[in-house]
Amino acid sequence: MQKNILHLITAASLIGAFNASAQAETLSQFFAKSHIDGQIRSYYFSRLYGTPNTVNAYAYSLAGRINIVTAPFLSGFRVGVSFYTANALGTQPSNPARIDKTLMGTSPSVNAMGQAYLEYQDKWVTAKAGNQLVDTPWLNRVGGRVIPVTYQGVTLEAHPISGLQLSALRVFRWKDRTTGQFYRDNLYYPGHYEGDSLYGGPNVLPANTPPTNGVVAFGAQYRAQRAKTVAWFYQFDQFANMFYWSGHYALPTTFVLKPFVDAQFTREWGAGDAFARTGTTLFGQPGQGVNSTNWGVKAGFQFPNGSLWWGYDATLHHARALGGGAIISPYTVGYTADPLYVDSMIQGLVGVGPGHGWRVRVAYWLWHKQVQLTAGFSQFATYFSGNSNWTHFNVSYFPQGMFNGLCLRDQVEVGNGGAAGLFPGSGQHSFVYNRIMMIYQF
């Protein structure tokens, strides 16, 4: 019912947009003031496991996006629509085990009306209703794939004073990066739950789990000169209540090095009804109620054309809690899209449960900022998933002139260690993950 209402709102607003604009100006002028942009992506992913026990996997996708935002009408209203498409172009192997399903699943093509919303904006408030991108710490678009995650619901942002932003949202359904429809599930639900092709999450819940009613969240962000602080409260229906805080401060200096320090804190609690009702555990721990505590620090400095930082995160072990105190993150677990400082290209502290880890990363621009080189190293020590380390390299090329808008990127990561079943390269074998990406924006 909520889905139908949101689609009716969007359809009605489109009709209203044209009718209202026709009274104020010609149709051609209205279109001239509207905005259209797009993007083409060509991605090739390969997973090399280095062991005869697991076959290597790969995936290719040619994808695109077209985004349309109308000119304002009725003193502040606009309509936005984004269509996403991805196609494997017949490259998928016949053996499903050889497909890197995290790119676009096993379907040969994915097509989605990822965004279709009505927006109102003035000096103080921005409100959206419909299918839309969401950008919050624990509920976001998830980068690194050909199609983004989008959400169906209502969002509100207010700017009562300079530097302060207040946010509220109510999400009813979401569209994962490997599907074209919106569903009332998340990454803990089993693959193909009610037809949803979920890949990349733990997918631990059974098929008889009741659908979730989504998320309610409230946030506040404040900026003042060199400081920034963010706080959010989330209520994940049937899963957990979460409080998250982060702070950033850039130290004042006239030196060539510009140091900064960050800190973050996450606290979760609640019954974890979806797990308790179905008798589902995480990391083999018998607890059902949610009780999680995480904290982290990050320090580094920026220098001409580059940066260097080190980060640390710890998730405390809470006996008799779900997952032994694991962070419950229904929309980012397994995606490394959460805000924690310590992660790798495909693994994060959320996905391995209680424990701690550290990460170091360096980035440098050269050739008039057309080439960026980055390197990073992450190490995890966990209670239930073993110990592991991940080494990451990236080179990105942004040509100028007639090729402005193009990005060529190659990312390589090598993983070692971890408990069997949780890390692809567990045991004595290294796991090598390579992503070759081309992105063109127009």
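The values are calculated or read from the model by the stated rules, or taken from the named source; none is laboratory data. Every value quoted in this text rests on a predicted model; they were computed, and no experiment measured them. Methodologically, a virtual Cβ is constructed for each residue, glycine included, from the backbone with ideal geometry; neighbour enumeration extends over all protein chains shown. To get the accessible areas, we keep the full protein, side chains included, count just its heavy atoms, and leave off ligands, DNA and RNA. Shrake-Rupley method; radii C 1.70, N 1.55, O 1.52, S 1.80 Å.
For the chain, what is the number of Lys pairs with C-alpha distance below 26 angstrom, counting only pairs 8 or more positions apart or on separate chains?
For the chain, qualifying lysine pairs total 13.
By the gyration tensor of its Cα atoms, with a ≥ b ≥ c the square roots of the eigenvalues, what is the shape of the chain: rounded for a/c under 1.5, prolate for a/b over b/c, or oblate?
Because its axes are fairly even, with a/c under 1.5, the chain counts as rounded.
Sequence-distant or interchain residues sharing an amide H contact under 5 Å with Q285, placed H: which?
Excluding prolines and chain starts, which carry no amide H, the hits are G323.
Along the range 343-357, what does the Karplus equation 6.51 cos²θ - 1.76 cosθ + 1.60 (θ = phi - 60°) give for ³J(HN,Hα), rounded to whole Hz, x for Gly and Pro?
7, 9, 5, 10, 9, x, 5, 4, x, 10, x, x, x, 9, x
In bins 10 Å wide, starting from 0, what share of all Cα pairs of the range 79-181 does each bin hold, as a percent?
Spelled out per bin, shortest first, that is 14, 38, 27, 14, 6, 1.
Given H placed 1.01 Å from N in the peptide plane, which residues other than close sequence neighbours of Q115 have an amide H under 5 Å from its amide H?
Here S82 satisfy the definition.
In whole Hz and in residue order, list the ³J(HN,Hα) couplings for the range 325-333 that follow from phi through the Karplus curve 6.51 cos²θ - 1.76 cosθ + 1.60, θ = phi - 60°; x for Gly and Pro.
Whole-Hz 3J(HN,Hα) from phi for the range 325-333: x, 5, 6, 9, 10, x, 10, 10, 4.
Whole number in Å², please: accessible area per residue of the chain, 1.4 Å probe, ligands, DNA and RNA not counted.
44
Nearest 500 deg cm²/dmol is fine: what mean residue ellipticity at 222 nm does the chain get from its DSSP H runs of n ≥ 4 alone, each adding -39,500 (n - 2.57), divided by its residue count?
The helix-only estimate for the chain comes to -3000 deg cm²/dmol at 222 nm.
For helix 2-24, what angle does its Cα long axis make with the longest principal axis of the chain, in degrees from 0 to 90 and rounded to 10?
The angle comes out near 40 degrees.
Express the carbon and sulfur contribution to the solvent-accessible surface of the chain as a percent, rounded to the nearest whole number, probe 1.4 angstrom.
Carbon-and-sulfur percentage of accessible area, whole number: 60.
Just to check I understand the Karplus step: with θ = phi - 60° and J = 6.51 cos²θ - 1.76 cosθ + 1.60, what whole-Hz values come out for the range 269-284, glycine and proline as x?
Ordered by residue, 3J(HN,Hα) equals 7, x, 7, x, 4, 4, 7, 5, 5, 9, x, 8, 10, 10, 6, x Hz.
Can you put F83, F384 in order of accessible area, largest first, using a 1.4 Å probe?
F83, F384
Place the peptides 369-378, 147-156 in order of packing, highest mean first, counting for every residue the other Cβ atoms within 10 Å and averaging per peptide.
Descending packing order for the listed peptides: 147-156, 369-378.
Please report the accessible area of T51 (heavy atoms, 1.4 Å probe, ligands and nucleic acids excluded) in Å², nearest 10.
20
Report, largest value first, the span of the C-alpha coordinates of the range 175-278 along each principal axis, in whole Å.
Principal extents (largest minus smallest coordinate, Cα): 60, 29, 19 Å.
Suppose every Lys and Arg Cβ carries +1 and every Asp and Glu Cβ carries -1, with no other charges. What dipole size does the chain come out with about its Cα centre, to the nearest 20 debye?
Computed about the Cα centre, the dipole is about 440 debye.
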